[in-house]
Each structure stands twice: as C-alpha cells, then as structure tokens.
Amino acid sequence: MKKLILPLFLGSLLFTSCGSKTENKAAFNLDSAKVELEAWNVQFESVVKNKDSVGFANLYTEDAVRMPPNSAEIVGKANILKSVVEPFKVIGSTNLTTVDVWGDENTLTTTGTYEHFLPDGKSVEKGKYMGVLKRVDGKLISSRDIWNSDNAAEQLVK
C-alpha cells in the first residue's frame, strides 16, 4: 500500500502543477494601439516631407504589398523604395487622418484619409486608404495598404 501512495501523490502533484497557469500578459489596449498608429502616421508624413525613400521603405515589411490606384501592386520593400523616387520629386508633404482602427496586439487594420500637397503648400489630391500593420520586433510595420483618390478619374485613352 505504501508503494502505491507515493506514486499517486507524486502523480497528482505533477498533474496539478501542470494545470492552469495564470499569464502575466497585459491585455490588449486599443487606445494605446491608436496612439502607436498615430506615431506611425507622423513618421510616414515625416519621411514623405523629407523625401526619404529609404525611411519610407523601412515603414514596410520585407514582403509588404502596396496597391496603388490604376496600377499593378508593388510587392516587397525594395520595390516600394523604387516606387516612391518619382512621386517624391513632386509631393511636398502628406497628411494622414485616421478614421477607424481595429485588431489585436499583433495586427491592426486602419482606414483613413490622406491629402497630398505640392512644395508650395497647394493641395493636389485627397483620398482614402486602408492599411494592415503587423507587429514586428515590437514595432508596428505596414504589410498591406491600398488607397484611391477622391478626385474624378481621368478618361483612359484607348
């Protein structure tokens, strides 16, 4: 009987110690995530204003996809870097305004509006966007975005 009690006691001790563990993981806070997203927007605006194509590309994951209007998608950080060289010659600054944010601690989806300005401050385009940002090494980095202008579409030449 004594031989049976010790294994049963040790087994029950092991079983109960492997049971439910309380995690010290902080609960996801959407308000904090919105503040972090606004900081990302400020960084985006800054790299556009400074015409920093490398800084712009670094806002995106290696496998990011940008989906511009009336154009093929732009895949990968290297292609994103190349894609902004020409627009940076024209655009003076950009303002982003967040409209909505949802998600969890690993992925945020956001919608908003944008406005592009020439270097002299004249507004040249207003539109809307949707983006998906992932948390990579503790930072929010864009993995997908799509946008389109509120301006009327120009007639396509046949």
- Message: I'd like the full set of residues that are touching a strand residue (DSSP E or B) at 6+ places or on another chain (Cβ under 9 Å) and in a loop (DSSP other than H, G, I, E, B), limited to segment 109-145.
- Response: 118, 119, 121
- Qualifying residues in segment 35-81 (those that are of a type in the set (Val, Ile, Thr) and closer than 18 Å to residue 117 by Cα) - the one surrounded by the most Cβ atoms within 10 Å (Cβ to Cβ): 48
- Query: Would it be correct to say that residue 84 is at pLDDT 95 or above and surrounded by 13 or more Cβ atoms within 10 Å (Cβ to Cβ)?
  - Reply: yes
- Task: Being touching a residue at least 24 places away in the same chain (Cβ under 8 Å) and in contact with an Asp or Glu (Cβ under 9 Å, 6 or more places away or on another chain) is the filter; apply it to segment 31-67 and report the residue that is nearest to residue 105 (Cα to Cα).
- Result: 33
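Assess whether residue 42 counts as being assigned to a strand (DSSP E or B) and of a type in the set (A, V, I, L, M). Outline the logic, then answer.
Numbers: assigned to a strand (DSSP E or B): no; of a type in the set (A, V, I, L, M): yes.
When the stated conditions are applied, residue 42 does not pass them.
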- Message: Every residue in segment 75-108 that is closer than 15 Å to residue 63 by Cβ, in a loop (DSSP other than H, G, I, E, B) and of a type in the set (A, V, I, L, M, F, W, C), please.
- Response: none
- Message: Any residue at all in segment 112-125 that's on the phi < 0 side of the Ramachandran plot, charged (D, E, K, R) and surrounded by 17 or more Cβ atoms within 10 Å (Cβ to Cβ)?
- Response: no
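Sort out which residues of segment 126-145 are surrounded by 15 or more Cβ atoms within 10 Å (Cβ to Cβ) and closer than 14 Å to residue 96 by Cβ, and write them in order of number.
So the first thing to find is which residues in segment 126-145 are surrounded by 15 or more Cβ atoms within 10 Å (Cβ to Cβ), and the list is 127-135, 140-145.
Across segment 126-145, the qualifying residues are 127, 128, 129, 130, 131, 133, 140, 142, 145.
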- Pairs with Cβ under 7 Å, 6+ apart, first in segment 72-94 and within 14 Å of residue 121 (Cα to Cα), second part of a strand (DSSP E or B) and hydrophobic (A, V, I, L, M, F, W, C): 92/117; 93/117
- Report, by residue number, each residue of segment 105-158 that is in contact (Cβ under 8 Å) with a residue 60 or more places away in the chain and more than 14 Å from residue 37 (Cβ to Cβ). 136, 144, 146, 147, 148, 149, 153
- Query: Can you find even one residue in segment 91-98 that is under 13 Å from residue 37 (Cβ atoms), exposed (fewer than 15 other Cβ atoms within 10 Å of the Cβ) and modelled with pLDDT of 95 or more?
  - Reply: yes
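The values are calculated or read from the model by the stated rules, or taken from the named source; none is laboratory data. Everything numeric here is computed off the predicted structure, so don't read it as measured data. Quick reminder, even Gly has a Cβ in these numbers, built from the backbone with ideal geometry, and neighbours come from all protein chains shown.
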